[in-house]
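Structure, as structure tokens:
The values are calculated or read from the model by the stated rules, or taken from the named source; none is laboratory data. Please read all numbers here as calculations on a predicted model, not as lab measurements. Every residue, glycine as well, gets a Cβ built from its backbone with ideal geometry; the counts of neighbours run over all protein chains shown. Protein only, heavy atoms only, side chains kept; ligands, DNA and RNA dropped before computing areas. Shrake-Rupley method; radii C 1.70, N 1.55, O 1.52, S 1.80 Å.
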Amino acid sequence: MRVAIIGYGNLGRAIAKALAKKHEIIATKRELNAKSKLKRIEVTTNNAYAVKNSECVILTVKPKDLMLVLDEIKDYVSNKLVISFVAFVKLHEIKSILKQAKVVRAMGNVGAEIGKSFTAYYVEYVDEETDKEIFNLLSLTGEVHKAKSEEELDLMTIFSGSAPAFIAKLIDAFIYAGLKCGLNAELSKKAALSVFNSTSELLRKESIDGLIKRITTPAGTTIEGLVTMEKHSVEFGIMDSIVKAVEKISKFKKG
Ligand SMILES: NC(=O)c1ccc[n+]([C@@H]2O[C@H](COP(=O)([O-])OP(=O)(O)OC[C@H]3O[C@@H](n4cnc5c(N)ncnc54)[C@H](OP(=O)(O)O)[C@@H]3O)[C@@H](O)[C@H]2O)c1
């Protein structure tokens, strides 16, 4: 299948790389600096050309640029799947312009680049076959979740889209702690990445409490670290940061 990706920026490039494993991509941006060297990815500034020549369209422009794009492509999307990764813009707003398209909203993250995004989608009234088509296409970007409501999808802006930045900060804290204790930055980064990876894998199979208890010796080193984390309200600090990011969603939606 040929897929148009309108908005070949940070997220668009990550999604293009993922989808190019199986599909031909025509990606667009406003200014063309250089030709794409990536196999199966053509880059152009012509949105109408990209959409006319594709069976499916993915929107990855910033919210402020979306209306202009929708206006440019609205005559060429009849019966086509249009998947919008644009934050904050509601399904009905897009549908009101792309009346003939099968419109879906999705949210993921730059992990798509390595097939490891967490990509959620929200769609209303599609047949089973189309739903499967959406699921299969998005599966190329990573793990896929079908959101039960548009509100749940909006929350994924933070819990998937922004989350890599939060996790990167946690890893950075590990690296600096390593440096403070005499490990070189390369080794503390290597250890932190490995531990974040294995912890994620283990937590797919066991509870958080179970894992913590399993590695915490009475009066040992781990409990010393855990108590200090409590003293600094580390968990609350992280929770509060994420909640503040979520609160910002409604400010964007209002404005
Ligand atoms: N970045 C993330 O990790 C992430 C995660 C989840 C969701 N999102 C969502 O994805 C969207 C894009 O974010 P981003 O960070 O990838 O932004 P970005 O890096 O600024 O990319 C936006 C791209 O859209 C292109 N563009 C703008 N107007 C256009 C037009 N009229 N026709 C064709 N292309 C146009 C820009 O072209 P030029 O390069 O030529 O200016 C740019 O390449 C946003 O809605 C954001 O909420 C992003």
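Remarks
- Residue-normalised accessible area of the stretch 2-147, expressed per residue, 1.4 Å probe, Å²: 50 Å²
- Membrane-span-like helices of the chain, defined as complete DSSP H segments with a Cα extent of 30 Å or more along the helix axis and a mean Kyte hydropathy of at least -1.0, are identified as 234-254.
- Placing +1 on the Cβ of every Lys and Arg and -1 on the Cβ of every Asp and Glu, with no other charges, gives the chain a dipole of roughly 720 debye about its Cα centre.
- Probing with 1.4 Å while keeping every protein chain in the model, the per residue accessible area of the stretch 157-254 equals 77 Å².
- Take every pair of alpha-carbon atoms less than 8 Å apart whose residues are at least six positions apart; their mean separation over the length of the chain yields a relative contact order of 13 percent.
- For the stretch 42-191, the antiparallel share of DSSP beta bridges with both residues in that region comes to about 20%.
- Take each peptide in 44-55, 77-88, 167-178, count the other Cβ atoms within 10 Å of every residue, and average; sorted highest first, the result is 77-88, 44-55, 167-178.
- Solvent-free Debye calculation, one equal scatterer per alpha-carbon of the stretch 2-147: log10 I(q)/I(0) at 0.11, 0.12, 0.14, 0.18 Å⁻¹ equals -0.34, -0.41, -0.57, -1.00.
- Carbon + sulfur, % of accessible area of the chain - ligands and nucleic acids excluded, 1.4 Å: 57 percent
- Placing unit charges on the Cβ atoms of the charged side chains and taking the dipole of the chain about its Cα centre, the candidate lying farthest along the positive direction among 185, 196, 103 is 185.
- Ranked packing of 104-110, 62-68, 33-39, most packed first, by mean Cβ within 10 Å: 104-110, 62-68, 33-39
- Cα pair distances in the chain, grouped into 5 Å bins until the bin that holds the longest one, percent each: 1, 6, 11, 15, 16, 14, 10, 9, 7, 5, 3, 2, 0, 0
- Percent of Cα pairs exceeding the 17 Å cut-off, where the set is the stretch 157-254: 66 percent
- Dipole of the chain computed with +1 at Lys/Arg Cβ and -1 at Asp/Glu Cβ about the Cα centre; of 218, 43, 165, farthest Cα towards the positive end is 43.
- For the set 22/190; 180/251; 148/248, the pairs lying more than 28 angstrom apart at their alpha carbons are 22/190; 180/251.
- Assigned charges on the beta-carbon of Lys, Arg, Asp, Glu; the stretch 2-147 dipole about Cα centre (debye): 520 debye
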